[in-house]
Every structure is written in structure tokens, then in C-alpha cells.
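Only one structure is covered here, and it is reproduced in the block below.
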Amino acid sequence: AQSVTQLDSQVPVFEEAPVELRCNYSSSVSVYLFWYVQYPNQGLQLLLKYLSGSTLVKGINGFEAEFNKSQTSFHLRKPSVHISDTAEYFCAVSERGGSEKLVFGKGTKLTVNP
Amino acid sequence: GAVVSQHPSWVICKSGTSVKIECRSLDFQATTMFWYRQFPKQSLMLMATSNEGSKATYEQGVEKDKFLINHASLTLSTLTVTSAHPEDSSFYICSARGPRGAGDTQYFGPGTRLTVL
């Protein structure tokens, strides 16, 4: 079974500052990794994913994440945030070649202040 | 591409009635769809996996007879909350496994807010 830990439930930052949202996972098998964003009262939108290959993954809206197998981490970063980035961010994993089920972290609320 | 819709976006019903929520993959075929439930300020909890043409697989603790799932076509899955009660009020989100080559990526619908009075 897999589990996901998002270490920060809330992250407040100022506009144009860099941000890192942390995600660690636990799994006995190889995994796929995902970051999703959820705006209020909406579904989830895929930001980026790591399936294989380069460990640095670039996504939409200027976000990127780096897969670190030794540290079992998949932290999300953006060099300069905007007010519009205010949302809930979820890290998720699924078992490679397995049941396709996504296991989500509890989410990190990113608030960008002017 | 890979757009998933849900209908309705919100619904209010009386206790004891049944509510049907539709999940559609608009521009791709989805043999597998998933239904999640999300409580306020919490993460998504997988309720069941819906496979086209076969019975859904429910997660532990989810009542099969209460949450009826039908995946009758490659683009449509429905969730029916039977005899709804106030504790069933929640945000229900579906997702569909993406097209071939998407590598197990799930694409999510916009969600349905259910309020049971």
C-alpha cells in the first residue's frame, strides 16, 4: 500500500515570492507521482506528473517538481507566485502497473498575499 | 483534450430521496472511472472504481447498496445516492482514466455538491 504525506497544511506567501510545497510518499513498489490543484468548489486539475525519465518535471502555470527516489519526495516548486495561484494543492501516487488507484495527501492550502 | 464533465454541478434534495450524478468523458473513451467523496477542507476519499460493462469495485466501508454505480458506456458512469440522508451531504468528484499513453493519469470532473435537507 502507498501513503502520501504533505508536510504543510497551509503555506502563506507574498506575491512574486518563490514557493515549495512538500510531498513525501511511502511505497514498497515503484510509483507514478502527481500534483493536482483544486480551486474553490471545483474539481481537480492536473498540474504535472512523473511517470518515468527525467526526474525534473515541468507542468502548467510555471510549476515544476522533482522526483527524488532516495528521499521518496516529490516537492512542488514555483519561482514566483501570483495571486491566482491561491488554491489547494494535492500530491498523489499510484502504483506503477497496479490498480490505478490514486492515493492522495491531505492537501496544502497555498495562499498568496499581495 | 481529456475533459470530464459532471452533472449536476449541485443538487439539494430532501432526506429519503435518491439522487443520480452523471460523469462523462467528453473527448475520449474511459473504460475505468473513479468516484471520490470530499468533505470540507479534507482530501479526496476513493469510494469506488467503475469499469465499463462490469460491476464496480467498492472501497472498504462504502455501502454498495447505498451508492449505486453504473458504467453503461465508455463515456458515461453514474452514481446514485439512494435514500439520501444529511450525512451524505458532500462534494462528489469523478475521474476518468486518461486516453492510451497517458500513463495512469486520471482526469477529474468539476464535482457535484450534494446537500441533503
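Restriction of the chymotrypsin sites (Phe, Trp or Tyr not before Pro) in the range B:1-40 to DSSP coil positions whose beta-carbon has at most 14 other beta-carbons within 10 angstrom yields no sites.
As a rough footprinting exposure proxy, the listed residues A:D8, B:D65, B:D88 were ranked by other beta carbons within 10 Å of their own, and the order from fewest upward is B:D65, A:D8, B:D88. Counted over all Cα-Cα pairs of the range A:1-61, pairs farther apart than 17 Å make up 55 percent. Ordering A:K49, B:K55 by the number of other Cβ atoms within 10 Å of each residue's own Cβ, fewest first, gives B:K55, A:K49. Shape analysis of the protein assembly as shown yields a ratio of the Cα radius of gyration to the Kirkwood radius, Rg/Rh, of 0.97. Note on B:E63 and B:S18: with the Förster distance fixed at 22 Å, the Cβ-Cβ geometry gives a FRET efficiency of about 0.95.
Residue pairs exceeding 21 angstrom between C-alpha atoms, taken from A:K58/A:K101; A:K69/A:K109; B:K41/B:K66; B:K20/B:K66; A:K106/B:K20: A:K58/A:K101; A:K69/A:K109; B:K41/B:K66; A:K106/B:K20.
Across chain A, Cα-Cα distances exceeding 24 Å account for 19% of all pairs. Based on every Cα atom in the range B:39-108, Rg and the maximum pairwise Cα distance Dmax equal 13.1, 41 Å. Each DSSP beta bridge with both residues in the protein assembly as shown is either parallel or antiparallel, and the antiparallel ones are about 90%. Here chain B is treated as a Stokes sphere of Kirkwood radius computed over C-alpha pairs; at 20 °C and 1.002 mPa s its diffusion coefficient rounds to 152 µm²/s. Net charge dipole, the range B:1-105: roughly 60 debye, given to the nearest 20, about the Cα centre with Cβ charges of +1 for Lys and Arg and -1 for Asp and Glu. Distance between the pseudo-spin-label points of A:N41 and A:R96 (7 Å out from Cα toward the beta carbon): 4.2 nm.
Every read-out reported here was derived from the displayed coordinates using simple, explicitly stated rules and does not represent laboratory data. All values derive from a computational prediction rather than experimental measurement. Glycine gets a Cβ as well: all are built from the backbone with ideal geometry, and neighbour counts include every protein chain shown.
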